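The values are calculated or read from the model by the stated rules, or taken from the named source; none is laboratory data. This one's a predicted model, so the numbers in the text were calculated from it and none came from an experiment. So basically every Cβ, Gly included, is an ideal-geometry build from the backbone, and we count neighbours across all protein chains shown. When the accessible area is computed, the model is the full protein with side chains, heavy atoms only, and any ligands, DNA or RNA have been set aside. Shrake-Rupley method; radii C 1.70, N 1.55, O 1.52, S 1.80 Å.
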Amino acid sequence: MQYCSWRGYASTCRAMQMTATIPPERETGIRKFSNHQSFLDILNEMNDYAGQRELIAENMMMNICIDLTKYLQELKMERKTHLSEAKKAQQSLESTYKQLDSSKKRFEREWREADKAAQYAEKTDQDINATKADVEKAKQQANMRTHIAEECKNDYAAQLQKYNKEQSQFYFSYMPLIFNKLQDMDERRVRKLAQGYVLFSDTEKHVMPIIGKCLEGVAKAGTNVNERNDSIALIEQYKSGFERPGDLDFEDYSQGINRASSDSSLGTLGTPKGPLELLGKNRSKPFWLFSKKSKPTVTEDFGHLPPEQRRKRLQQKLDDIGKELQKEVDQSEALGKMKDVYEKNPQMGDPASLSPQINQTAQNMERLRGELNKYESWLTEAGRRGDTMLRRDTLREDTLSYRSHSFNNNGSTHEPYSPDGAHTDEGTPDSSQAIYTEFDDDFEEEEEELVAPIGQCTAMYNFPGASEGTIAMQEGEVFSVVEEDKGDGWTRVRRANGNEGYIPTSYVSISLSK
């Protein structure tokens, strides 16, 4: 009945589930793979399975083990009482036997003295030299010894009768009664243990349907794995969008073309840009897509990524900005309505008290619109139009109509856009920048490792970092914050040497950059 292992098993499953928890910003991309989704489903099922085993362990501990332990203590006290009674009866019998033996020895001793006194009196009576007084004295002494011997005889007989009676009670009454009590106690112990067996069986039967469903869920998760779809999804996720490079033109040095003019004429002869042109000084080395290379510098427009990956990241960034802008629009509408209510009903509040919030919301909206324009421009350059522009026009109509209504009274008359949607080209990537991104042999997601820090944090407590994906920290250690807590209690940080991992948010003091 040792169920500690099940508690450890449940803790292990929860630790695996916590380790496998996907950050919200990556959850959508990860869950597209059926093997990843199946693994998460299996973890959930195993967590439920372990929970049922832990429930059995708790029921065994609370309803069976504790009750049996308490009952065992009672049986020990009862057994101790019965054995104490048996010991007292035995001691009483032994004491009676000692008295019997003492009276027996006394009777034996006195009888011998009486016999000696009788023989002496007879001898004195036959002695012709003895006086009459000596004869009388010897007879008196013999009579006295005989009387004492008779008393000892009677006492011995009484002690013998008493001992025989107690011995009979000891072996025919006291001990059988105690043995019967001990037998009854042991029978009750066995019955109590049997009841525990039945209760354990009932507990198992109660959770077996749930355990069966958990096992069915594990089997279902295994059958849901589609390796073909996972392979296609992985290709779709990491495809670069590059066109295959064309053939290189033959440079005929036998015609007297100098190297300088030949090199300078490559672009004018219409030779397509191939990998050799992008390798720079290392043209003598063959191009290999998965060769080792220093990590590219992360840019705001994601120009360091291949075209397809860049479009995805830009689209994701636009979606995030759109959600933030929509929140600010909703907040602005609420503040505007509240201001109208205060203006019509001054007793409910001062309309001027809402001005700082309205101005801050307006500034946030202007900033988000600027970022929206900037990323839409980059997405247009990356080759993605249509639904993004439609979303931009929709947001512009919604926000402009409200802004003209709610902010003219506060002096905030800045237009959110220029009519043509123009913006600066500061974020436009250089045309000479290499368009090939070479990956490591292990296909590491380098863009995630190079995310710019959003703040700093200082450790308030020690943390061992024993789970996979976490890092250890010491009190007072300073980290760069790479990713905020998404509500799961973990913050992603980076050390000065580049090591990254998750630490408990409650263990650190965080200061985010504004």
Net charge of neighbours whose Cβ lies under 13 Å from the Cβ of Glu85, counting Lys and Arg as +1 and Asp and Glu as -1: +4
Can you pick out the pairs among Lys70/Lys192; Lys70/Lys205; Lys98/Lys165; Lys32/Lys323; Lys104/Lys137 whose Cα atoms lie more than 19 Å from each other? Lys70/Lys205; Lys32/Lys323; Lys104/Lys137
Once Lys and Arg are counted +1 and Asp and Glu -1 for all other residues with Cβ under 15 Å from that of Gly217, the total becomes -2
Kindly provide the pair-distance distribution of the range 122-233 built from C-alpha pairs, with 5 Å bins from 0 and whole-percent values in order of increasing distance. 2, 8, 6, 6, 5, 5, 5, 5, 5, 5, 4, 4, 4, 4, 4, 3, 3, 3, 3, 3, 2, 2, 2, 2, 2, 1, 1, 1, 0, 0
Please give the per residue accessible area of the range 177-219, computed with a probe of 1.4 Å over protein heavy atoms only, in Å². 69
Ellipsoid equivalent to the range 36-194 - semi-axes via the Cα gyration tensor, in Å: 81, 12, 8
Interchain or long-range residues, amide H under 5 Å from Gly455's placed H: Val481, Ser513
Ranked by how many other beta carbons lie within 10 Å on average, peptides 314-322, 466-474 from highest: 314-322, 466-474
3J(HN,Hα) from dihedral phi, the range 74-89, Karplus parametrisation 6.51/-1.76/1.60, rounded to Hz, x for glycine, proline: 5, 5, 4, 5, 5, 4, 5, 5, 5, 5, 5, 5, 5, 5, 5, 5
Gained length - Glu300 relative to Met208, 0.36 nm times residue gap less alpha-carbon distance: 27.6 nm
Accessible-area value, Met208, 1.4 Å probe, nucleic acids and ligands omitted, Å²: 100
Taking θ as phi - 60°, what are the ³J(HN,Hα) couplings along the range 194-209 by the Karplus curve (6.51, -1.76, 1.60), each to the nearest whole Hz, with x for Gly and Pro? 5, 4, x, 4, 5, 5, 4, 4, 4, 5, 4, 4, 5, 9, 4, x
Which whole-Hz ³J(HN,Hα) couplings does the range 317-330 yield from phi under the Karplus relation 6.51 cos²θ - 1.76 cosθ + 1.60, θ = phi - 60°, glycine and proline marked x? 5, 5, 4, 5, 5, x, 5, 4, 5, 5, 4, 5, 5, 4
